[in-house]
There are 2 protein chains.
Amino acid sequence: MGKKILVAHGGGPTAVINCSLQGVVEAARASGKVDKIYAARFGAEGILKGDLLDLTNVPAETIAKLRHTPASAIGSCRRKLSEADYPTVLETLKRFEIDCFFYNGGNDSMDTCHKVNELAKKEGLDLRVIGIPKTMDNDLDITDHCPGFGSAARYAALSAAELALDASGLPIHVVVLELMGRNAGWVTAAAAMAARLTDCEVLTYLPETPVDEDKMLAGIERHYAKGRGLLVAVSEGVRGLDGKPLADTGMVDGFGHTIPGGAAQHVADQIIQKLGIKSRAEKPGLLGRASIPYVSIPDREEAYAVGKFALEAALRDESGYMAAIAAERSPVYRSSLFLAPLADVANVEKKFPVEWIVDGNQIAEPFFQYALPLMGGDFPEYALLRK
Amino acid sequence: MGKKILVAHGGGPTAVINCSLQGVVEAARASGKVDKIYAARFGAEGILKGDLLDLTNVPAETIAKLRHTPASAIGSCRRKLSEADYPTVLETLKRFEIDCFFYNGGNDSMDTCHKVNELAKKEGLDLRVIGIPKTMDNDLDITDHCPGFGSAARYAALSAAELALDASGLPIHVVVLELMGRNAGWVTAAAAMAARLTDCEVLTYLPETPVDEDKMLAGIERHYAKGRGLLVAVSEGVRGLDGKPLADTGMVDGFGHTIPGGAAQHVADQIIQKLGIKSRAEKPGLLGRASIPYVSIPDREEAYAVGKFALEAALRDESGYMAAIAAERSPVYRSSLFLAPLADVANVEKKFPVEWIVDGNQIAEPFFQYALPLMGGDFPEYALLRK
């Protein structure tokens, strides 16, 4: 008898989340040891309802399309499981005779994964549980970086460069770009690449350092006065000196977190009103995690690899781990995979190192050494004839 | 003695405006008849100041990079020339002994081009003037379509599809996408492609038909209730029944036009407040005209071709024309170029045919027959496993 496996997605997707699913499915098929491949329809919701998709006989050419399919191809949700939900989760796992359970998500999902594993052990269930990391925010600990981050960072870097060139080629306004990241500034920091790719001034404001708005406006005025065009990148979660987001949507998510948003529009309004300089705010928002044309190739490959690695670990009877990435950056970038105990990664948030933020709005060299290979490295050289 | 040529950009750039510049420069070099290639630094501003870039000896490999360089590589401006400016323009043309003048822009720029040509004739100046069309809005008349539109439409179609999948894969909110286009809905209409590429409901609101907000909200509620996820695409210039933009920035541009903006956030706020449904607004804004990874290949090729065609026409002593595109769509797409009198295109705005807007929020088949080949045609097939 072959194994029965279940894959579920938790929380917001990344541009490469489906590549991890592809890695699990193709490795399961290649193993010859799996005879049922289930996926939870809409994540935890699907597990609780027993609403599973049977992917066992989905044609290989459809599975191959997961490579360039944005969002979650099997559906996800933001429901945080409560203590009362866990018996239902185990019930579904028993009913479908699941041998290996893979939960693909961020901090909250790794916590879920850990609890399912502990509960299964306690109840004597013959279950292997492996977490597959995924977050565009890059805020998972222990792993060098998280699949999904490289693509989100590449999106931030390239779109910041494109907007910077628009701003310096038609210098009529300061362009303010809002990027995702409520608590961690990893993605917004990548926008600083625009200063290296273009002839434009770039300022970045991350959630890790509280922003003195008067000082920020003074900096914007000074850099704008250089006449080279100015791009300001702000994280959606950027905070003022009072610790509150500069702007929020007034909504709360399923985990009880306030949903920030509108930071760029807020900054643009301030630039217009207080500095008398034209400004416009751009907020690609979810495109920063859904855009396929900006995907980083190494990120895509690693997302696939962690899925495959998780499947193979479970078939070796490993359980209670997350597939994690180790990386060397010298002499060339090389990554490898290892198993990190779920207990160590659950609910721990990896913050952007504050020492990489210089003068409140510049990003230090170590960040680029860290992030460049993850973003794919192959950045375009532009023809800047007007210099 | 070879010819001296001058190229200038007017107004907002497109993702392929530099390909037209590349076409002019490479054709000029190939002709063997041009010995000076100038470009106006920051468009009309550069012409008025006599601030010209000399591109004559720029290496071929730098010119080749124009292909993937966003925004205007030589700089542009939004200054509308007044009657008092024209003598200064002619002064610059005389001072640099310009034989051929190429102005790359939209309606306003074609008007400028026309006036320069008329004035030069009146003053007996030996000058050839050719307009090169460019506008992401596709609102230039006579030409079948405008270089820059295909890429902006591809951006709209693919990013709408990516957001639609995000909305249907994690169905916690209605996503409202704002796209550029103050008066013409061509680009926003392309977002309707998302309904063909995904399993999601898509509603589009264009500036050509005034929006009854109550009816719009009722439609949003009804389509959201189908539970397949809902993407609402609104043009930045979408108007209410009173003819005013649903939202504007309170700013006025150099041509005296009110700058609309914030329509998506306005609609999202209404969805939250009046329908009690979660919603988020995304506004990639200038990325819709600056994004290189979403460029349409046929658009890029045609942008190059019109530049080359304009140069060759001027060297044949043609003057007072815009390089225009004719297209056949059956049995396969084929385009060819012709010269359209500047007097016929100046200041005429091509509107989106209102008969292509069905029920106020759907786009009819003829639009897709028209626009699909311009967007490149090669759209991805996604793996929608959760269906």
>> Out of all DSSP beta bridges in the protein assembly as shown, what portion is antiparallel? Express it as a percent rounded to 5.
In response: 35
> Counting each DSSP H run of 4 or more residues in chain A as -39500 (n - 2.57), what helix-only mean residue ellipticity at 222 nm follows after dividing by all residues, to the nearest 500 deg cm²/dmol?
Replying inline: -10500 deg cm²/dmol
>> Just want the ordering: A:LYS226, A:LYS49, from fewest to most Cβ atoms lying within 10 Å of their own Cβ.
In response: A:LYS226, A:LYS49
> Nm distances between the label at A:GLN369 and the same-position labels in the remaining copies, 7 Å along Cα→Cβ, shortest first?
Replying inline: 6.1
> At A:LYS274, with labels set 7 Å past Cα in the Cβ direction, how many nm apart are the copies from this one, shortest first?
Replying inline: 3.4
>> I need the inter-copy label distances for A:ALA326: point set 7 Å along Cα to C-beta, values in nm with one decimal, smallest first.
In response: 6.8
>> Under 5 Å between amide hydrogens, which residues at least 5 positions from B:GLY240 or on another chain qualify, with H placed 1.01 Å from N in the peptide plane?
In response: B:VAL211, B:LEU246
> Taking the Cα centre of the protein assembly as shown as the origin and placing charges on Cβ (Lys, Arg +1; Asp, Glu -1), which of B:PHE367, A:ALA60, A:PHE367 is farthest toward the positive end of the dipole?
Replying inline: A:ALA60
>> Between B:PRO331, B:PRO298, B:PRO147, where does the largest GNM mean-square fluctuation fall for chain B, given springs only between Cα atoms within less than 10 Å?
In response: B:PRO331
> Each residue of the range B:62-68 in order: what ³J(HN,Hα) in whole Hz does its phi give by Karplus 6.51 cos²θ - 1.76 cosθ + 1.60, θ = phi - 60°, with x for Gly and Pro?
Replying inline: 6, 4, 5, 6, 4, 3, 10
> Given a Förster radius of 35 Å and the C-beta distance between B:LYS33 and B:SER82 as r, what FRET efficiency does 1/(1 + (r/R0)^6) yield to the nearest 0.05?
Replying inline: 0.55
>> Order these by the 10 Å Cβ neighbour count, fewest first: A:LEU127, B:LEU339.
In response: B:LEU339, A:LEU127
> Assigning unit charges at the beta carbon (Lys, Arg +1; Asp, Glu -1) and nothing else, what dipole magnitude in debye, to the nearest 20, does the range B:130-242 show about its Cα centre?
Replying inline: 300
> Under the definition of partner shielding as Cβ atoms of other protein chains within 10 Å of a residue Cβ, what is the mean value for peptide A:287-296?
Replying inline: 6
> Which one of A:LEU384, A:ALA28, A:SER72 is farthest out on the positive end of the charge dipole of the protein assembly as shown, using unit charges on Cβ (Lys, Arg +1; Asp, Glu -1) and the Cα centre as origin?
Replying inline: A:ALA28
>> 5 Å is the cut-off here: which amide hydrogens, built 1.01 Å from N in the peptide plane, fall below it relative to B:LEU140, excluding neighbours closer than 5 in sequence?
In response: B:LYS350
> Where is the GNM fluctuation largest for chain B (alpha-carbon springs, 10 angstrom cutoff): B:VAL234, B:VAL211, B:VAL58?
Replying inline: B:VAL58
>> In the range A:232-365, if the dipole is taken from +1 on Lys/Arg beta carbons and -1 on Asp/Glu beta carbons about the Cα centre, which of A:TYR304, A:PHE338, A:PRO245 is farthest to the positive end?
In response: A:PRO245
> In debye, nearest 20: dipole of the protein assembly as shown around its Cα centre with unit charges on the Cβ of K, R (+) and D, E (-)?
Replying inline: 640
> If you place +1 on the Cβ of every Lys and Arg and -1 on the Cβ of every Asp and Glu, how big does the dipole about the Cα centre of chain B come out, in debye to the nearest 20?
Replying inline: 660
> Which order do B:SER31, A:SER82, A:SER76 fall in if you start with the one that has the fewest other Cβ atoms within 10 Å?
Replying inline: A:SER82, B:SER31, A:SER76
>> Could you derive backbone 3J(HN,Hα) for the range A:69-83 from the dihedral phi with the Karplus parameters 6.51, -1.76 and 1.60 (θ = phi - 60°), listing whole Hz in sequence and x where the residue is Gly or Pro?
In response: 9, x, 6, 8, 5, 10, x, 9, 8, 10, 5, 8, 5, 9, 3
>> Quick check: pseudo-label points 7 Å beyond the Cα along Cα→Cβ at B:LYS351 and A:GLU301, how many nm apart are they?
In response: 5.4
> Name the GluC sites (Glu not before Pro) in the range B:325-382 that are in a loop by DSSP and that have at most 14 other C-beta atoms within 10 Å, would you?
Replying inline: B:GLU381
> What ³J(HN,Hα) values, in whole Hz, does the Karplus curve 6.51 cos²θ - 1.76 cosθ + 1.60 give for the range B:126-135 when θ = phi - 60°, with x put for Gly and Pro?
Replying inline: 8, 10, 9, 10, 10, x, 10, x, 6, 5
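None of the figures in this text is laboratory data; all of them are computed from the coordinates on show. Note that the structure is predicted; figures quoted are calculated from it, not measured. Glycine also receives a Cβ, built like all others from the backbone with ideal geometry; neighbour counts cover every protein chain displayed.
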